[in-house]
1. Restricting attention to segment 128-143, which residues are surrounded by fewer than 16 Cβ atoms within 10 Å (Cβ to Cβ) and closer than 18 Å to Leu67 by Cα?
2. Given the conditions (1) in a loop (DSSP other than H, G, I, E, B); (2) free of Cβ contacts under 8 Å to residues at least 40 places away in the same chain, report the number of the one that Ser70 does not fulfil.
3. Go through (1) under 22 Å from Ala31 (Cβ atoms); (2) over 12 Å from the mean Cα position of the chain (by Cα) one by one and return the number of the condition Pro57 breaks.
4. For segment 102-157, what are the residues that are among the small types (Gly, Ala, Ser) and free of Cβ contacts under 8 Å to residues at least 60 places away in the same chain?
5. Can you find a residue in segment 107-127 that is assigned to a loop (DSSP other than H, G, I, E, B), surrounded by 14 or more Cβ atoms within 10 Å (Cβ to Cβ) and in contact with a Leu (Cβ under 9 Å, 6 or more places away or on another chain)?
6. Which one is surrounded by the fewest Cβ atoms within 10 Å (Cβ to Cβ), of the residues in segment 43-67 that are touching a Lys or Arg at 6+ places or on another chain (Cβ under 9 Å) and in contact (Cβ under 8 Å) with a residue 24 or more places away in the chain?
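The numbers here are math on the coordinates, done by the rules we state, and not lab data. What you see is a predicted model; the values in this text were computed from it and never measured. Cβ atoms come from the backbone with ideal geometry, glycine included; neighbour counts cover every protein chain shown.
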Amino acid sequence: MATALEKAHDIMKDRIGSQTSQSEWFEITQARINDFADVTMDHQWIHVDVERAKSGPFGAPIAHGHLTLSIMGHLQAKPQELQGPPVEGQKLGINYGFDRVRFPSPVPVGVRIRTTNTLKRVEIKGDMLETMTEVVVEVEGQDKPACVAESLGRMVF
């Protein structure tokens, strides 16, 4: 008889290659950028000096790459209905890290971003399932993504 972990592995294997979720659009404000700068102590002018950034390489302040990366976790959780039914027996899901992160284009202040997530891999690791999901952060109205990351998660049973 298959365990809950083995059943979950089979369910998740069937989802490989599928878009597991797409978030709602989320606005990046100057206030949010400033708050992130305060928390991380990264006050580089391209993020927080609005007047100077207007004449800089991007024509406006831009979000920190790590801000974009940090918000991904919040955005990935929405909307739940696109992620498929819950996996029976799962007690907890944890962030395990990233295999790869790239920032192909900036996130200017005032734009809206969203994430699209696609399950790429699932493996049994002890009494857990490890998943690798490609997360693409899109900027509304822009062809090039702001961030592409291979996010690792662990499902605890």
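1. Answer for segment 128-143, where residues must be surrounded by fewer than 16 Cβ atoms within 10 Å (Cβ to Cβ) and closer than 18 Å to Leu67 by Cα: just Glu140.
2. (1)
3. Condition not satisfied by Pro57: (1).
4. Ser105, Gly126, Gly141
5. yes
6. The qualifying residue surrounded by the fewest Cβ atoms within 10 Å (Cβ to Cβ) is Ala60.
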